[in-house]
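Q: Structure below; questions to follow.
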Amino acid sequence: MTDAGATRAEDEHGGRGGVRTALTGLTTRGRSFLAAGVAAAVCAYILGQAELLRVGLLLAVLPLVCAAVLHRTRHRVTGSRRLSPARVPAGSEARVHLRMDNVSRLPTGLLMLQDRVPYVLGPRPRFVLDRVEPGGRREVSYRVRSDLRGRYPLGPLQLRLTDPFGMCELTRSFSTYDTLTVVPRVEPLPPVRLGGEAKGYGDGRHRSLALAGEDDVIPRGYRHGDDLRRVHWRSTARYGELMVRREEQPQRARCTVLLDTRALAYRGAGPDSAFEWAVSGAASVLVHMLERGFSVRLLTDTGSCVPGEGSDGFAGSGQESADAAGLLMDTLAVIDHSQGAGLSRAYDVLRGGNEGLLVAFLGDLDEAQATMVAKMRQRSGGAAAFVLDSEAWNREAADAPGGPADRAEERLRMLRDAGWAAVGVPRGASLEETWRHADQARTGVGAPGRAGFATTSAPDPGASGTGGPGKAGAAGAGGGPSV
């Protein structure tokens, strides 16, 4: 964040530009003086007035001398910038601290400090710094705020030098800049019973073998100190020596958050658009699951996974939850629409194994895509879908038979029949209330239907734990651990 000696380097570069570089820094006052001096000198020559010629020369020489003196000024200063914090949710403020140090043996003159910021963060900050003594420093700060997520460069810093008469003004720039990351808003979510798995560690956890994979049931030979209660008698009889079961270790429950980023699935733009609601919802669910001990990953319609490292791309078990959350938030800060037409790539990733709890944020679905989403339920222990219908989001859904509202309800019905806890999301819906409605849709409890939520729900095939594609750990209605 510190750029020492950058101003001096710019001075030396400017020196090679000669008079032309100096003249480009003339202000309106300096240009006016120069023009007036030249005009007075011409008139004095024509009229033969020596006194007017002296006045003309004085007017013309003054801005040139100021430009030459200012151009040869050597200010050795260092600048630094500090962001507090460097990662901020959309709609929140961050403070930028600037510090200037005079590292030369001479005092500086009047300095005008300016920092470059994108227009979405607010107006460009400008500060006037008084004379800085040798070895002295000056500190200033300003605030930035953005309702749009993204990564925004701050800088480089610029020093504007001016002469006492205001004839010339030169700008010297530092070379470094910093980046402010604006992440999606995260809303706290209440614990609900969307899936059948327990929190990260608990009664409903998966278990894996300490020395082998989860499907490896081969016992090992008895070692001194092993608990005799773990003796595997069938293998002992088979091999003729004591064999014990391998030790088991808990494995965190998993959660995959599927975010539909297809451009054709959303309409509108801006902080209040359906796509931004989906991004904020995905961020909230990821943070919520990490806090409850789950191993999580973010999956998009393009088939890309975040973090993409570790066991099957899940985060939270092999690294600190804070680091995992930061990586996921940084990804969601810059995620944008894809040009894909379907969800087949995401389906190919999901059908590779048991994904635990699956939470999907989806845009408009046609019949083919709704059918593909319904198939995704087969490899998950629990599934919840939040469908943002563009017709209902941008305006009131048409009430005519066969209109957008009927088509959206048909898509939700297809997902519920496949075992999804599917909920339609209307404009302005609260994520917390929508999260609760997904639990009601899973258990069959009625929810307000006028606003786009389900009024009835098909029974979850995995709710009883006895059959259906979701039987792998799904909890019964009203029972099981919450997430």
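The values are calculated or read from the model by the stated rules, or taken from the named source; none is laboratory data. Computed from a prediction, not measured in an experiment: that's the story for all the values here. Backbone-built Cβ (ideal geometry, glycine too); neighbour counts: all protein chains shown. Side chains included, ligands, DNA and RNA excluded: accessible areas come from the protein's heavy atoms. Shrake-Rupley method; radii C 1.70, N 1.55, O 1.52, S 1.80 Å.
Q: Multiply the residue separation of R54 and A263 by 0.36 nm, subtract the distance between their alpha-carbon atoms, and state the gained length in nm to one decimal.
A: Length difference between fully extended and current span is 68.1 nm.
Q: Shifting gears a bit: Determine how large the accessible area of H288 is when every protein chain is in place; take a 1.4 Å probe and give Å² rounded to the nearest 10.
A: 10 Å²
Q: Give me the accessible area of E139, 1.4 Å probe, in Å² rounded to the nearest 10.
A: 120 Å²
Q: With N set to the number of residues, divide the alpha-carbon radius of gyration of segment 31-154 by 2.2 N^0.38 Å and report two decimals.
A: After normalising by residue count via 2.2 N^0.38 Å, the value is 1.66.
Q: If you don't mind, there's one more thing I want to ask. Place a +1 charge on the Cβ of each Lys and Arg in segment 98-202 and a -1 charge on the Cβ of each Asp and Glu, then give the dipole magnitude about the Cα centre in debye, rounded to the nearest 20.
A: 200 debye
Q: For D366, D178, D417, give me the order by solvent-accessible area with a 1.4 Å probe, most accessible first, ignoring ligands, DNA and RNA.
A: D417, D366, D178
Q: Roughly how many nanometres apart are two label points built 7 Å out from the Cα toward the Cβ at E241 and Q114?
A: Those two pseudo-labels are separated by 8.2 nm.
Q: What FRET efficiency do you get for R229 and E432 if R0 is 56 Å and r is their Cβ-Cβ distance, rounded to the nearest 0.05?
A: Using R0 = 56 Å, I get an efficiency of 0.75.
Q: At a Förster distance of 51 Å, what's the computed FRET efficiency of T171 paired with A341, Cβ-Cβ distance as r, to 0.05?
A: Efficiency, from the Cβ-Cβ distance: 0.55.
Q: Then there is this: Sum up the charges of everything whose Cβ sits under 10 Å from the Cβ of L113, counting Lys and Arg as +1 and Asp and Glu as -1, but leave L113 out.
A: In short, +2.
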